[in-house]
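The values are calculated or read from the model by the stated rules, or taken from the named source; none is laboratory data. Fair warning: this is a prediction, and the values are worked out from it, not measured in the lab. Note that each Cβ is placed from the backbone with ideal geometry, even for glycine, and that neighbours are counted across all protein chains shown.
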Amino acid sequence: VSDLASELVAAGLKRVKANESMSKHTTWRIGGPADALVVVDTIEDLRLAISIADQHWTPWLVIGAGSNILVADEGIEGLVILNRMRSVSLDRVENGCEVNAESGAFFARVAQIAADSGYTGLEWGVAIPGTVGAGVVNNAGAHSGDVQRTIVNAEVLDSSGAIEVLDPAELRFAYRRSRLKVTSGEPITRTESIVVRVRFAAQTASSVDPRSIIKRLIEQRLATQPVVEPSAGSTFTNPPGASAGALIEMAGLKGHRIGGAEFSFRHANFIVNVDRAAAADVVALVRLARSRVRETQGVLLEPEVQLVGRWNKGETLHEHLGGDG
Ligand SMILES: Cc1cc2nc3c(=O)[nH]c(=O)nc-3n(C[C@H](O)[C@H](O)[C@H](O)COP(=O)(O)OP(=O)(O)OC[C@H]3O[C@@H](n4cnc5c(N)ncnc54)[C@H](O)[C@@H]3O)c2cc1C
């Protein structure tokens with residue numbers, strides 16, 4: 001591993017670390033060490049990092065803000081590529097603009113840039129503390145907006161090194177998922193296709209100032225979600241016609257704690273890290289909520305967050321559901 005790190009440095013990549021704790025790179029502040037980690041801010045550096053990892057037969061995994069992942073306490077095998085490709089530009093089109101964002105740009109910034117320039121339609125993005133690249137994978141959304149309804153296309157780098165431009169139909173979006181999302185429930189250990197650029201459509205604002213919409217959405221979030229304790233946002237997706245948070249609350253789990261993690265008093269679908277929580281604490285809460293909500297409300301909750309890294313073979317957030325439920 002230190003070989004890999006030193007080779008990355010020798011190739012000219014500057015921000016490289018061996019055995020880097022992933023707790024520094026996830027919003028949950030949880031996760032063991034990545035064997036090696038590199039920060040990239042250009043596509044050339046991204047390609048270079050991948051080619052060196054490939055020469056070492058080492059798996060690589062791309063991470064944005066780490067706001068939707070639960071990294072194993074045992075860490076991540078291989079190379080973690082931290083995506084900091086962030087440039088954003090606007091191209092005028094009739095009645096609006098196309099926002100052209102590199103995949104490591106944060107949603108909040110994309111939303112703010114569009115709003116500051118007088119364009120509406122992307123304000124919902126301020127609610128999402130993650131990158132637009134991962135947002136395409138997850139079809140991120142909030143406040144009645146989502147990627148599916150605002151994207152023009154995405155550029156995706158495949159494992160052969162080719163870049164493909166995918167339109168919304170090709171991305172096959174559904175609620176919090178797309179064709180690029182691994183949904184087996186198994187831990188993710190490598191990235192097959194990397195989103196490198198996303199184009200969104202925004203419209204020229206006429207009656208309402210988009211900046212005032214952003215202000216209102218931020219206030220709304222601050223009032224309803226835990227903002228101090230580290231979390232990964234919603235733990236489960238909302239089942240059709242229901243709220244996962246309300247179901248967890250009805251199952252009596254609001255505020256329930258295991259180890260250093262607990263279901264937030266503020267919003268029961270958020271698991272917050274209150275005291276140096278281990279990834280295993282979070283998994284225990286996820287499984288408890290799944291079985292308790294199924295028993296008491298008859299609804300099966302589906303995790304929105306994804307396991308990443310060195311989990312035991314066959315481990316998933318779904319485990320224990322087989323026989324006894
Ligand atoms: C407080 C809080 C509130 C939240 N609210 C919302 C909300 O309202 N709506 C919502 O949808 N989400 C919400 N989230 C979840 C999260 O912000 C989104 O899922 C976001 O899209 C994740 O982006 P990220 O950059 O942090 O992804 P990461 O967590 O870094 O990665 C997530 C997955 O995507 C993969 N990935 C990352 N970048 C790329 C890329 N460029 N190409 C291919 N694969 C990639 C990773 O390997 C990983 O599998 C919230 C999270 C928090 C902490």
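Somewhere in the stretch 115-132, is a residue within 12 Å of the ligand (Cβ to nearest atom), in a helix (DSSP H, G or I), without any contact (Cβ under 8 Å) to a residue 60 or more places away in the chain and surrounded by fewer than 22 Cβ atoms within 10 Å (Cβ to Cβ)?
no
Within the stretch 192-200, is even one residue more than 8 Å from the ligand (Cβ to nearest atom) and modelled with pLDDT under 95?
The answer is yes, given that some residue of the stretch 192-200 is more than 8 Å from the ligand (Cβ to nearest atom) and modelled with pLDDT under 95.
Considering only the stretch 170-218, state which residues are touching a Phe, Trp or Tyr at 6+ places or on another chain (Cβ under 8 Å) and part of a strand (DSSP E or B).
ALA202, GLN203, THR204, listed by residue number.
Can you find even one residue in the stretch 147-165 that is over 20 Å from the mean Cα position of the chain (by Cα), under 23 Å from PRO210 (Cβ atoms), surrounded by 21 or more Cβ atoms within 10 Å (Cβ to Cβ) and more than 8 Å from the ligand (Cβ to nearest atom)?
no
Would you please name the residue that is surrounded by the fewest Cβ atoms within 10 Å (Cβ to Cβ), looking only at residues in the stretch 63-78 that are near the ligand (Cβ under 6 Å from one of its atoms) and outside any strand (DSSP E or B)?
ALA65
Which strands (runs of 3 or more DSSP E) does the stretch 225-325 wholly contain that include 3 or more residues that are in contact (Cβ under 8 Å) with a residue 24 or more places away in the chain?
The qualifying strands (runs of 3 or more DSSP E) are 271-273, 306-308.
Among the listed residues TRP28, TRP57, identify the single one that is away from the ligand (no atom under 16 Å from the Cβ), in a loop (DSSP other than H, G, I, E, B) and either free of Cβ contacts under 8 Å to residues at least 24 places away in the same chain or buried (at least 18 other Cβ atoms within 10 Å of the Cβ) (or both). Can you show your working first?
Numbers: TRP28 fails: away from the ligand (no atom under 16 Å from the Cβ).
From the options TRP28, TRP57, the qualifying one is TRP57.
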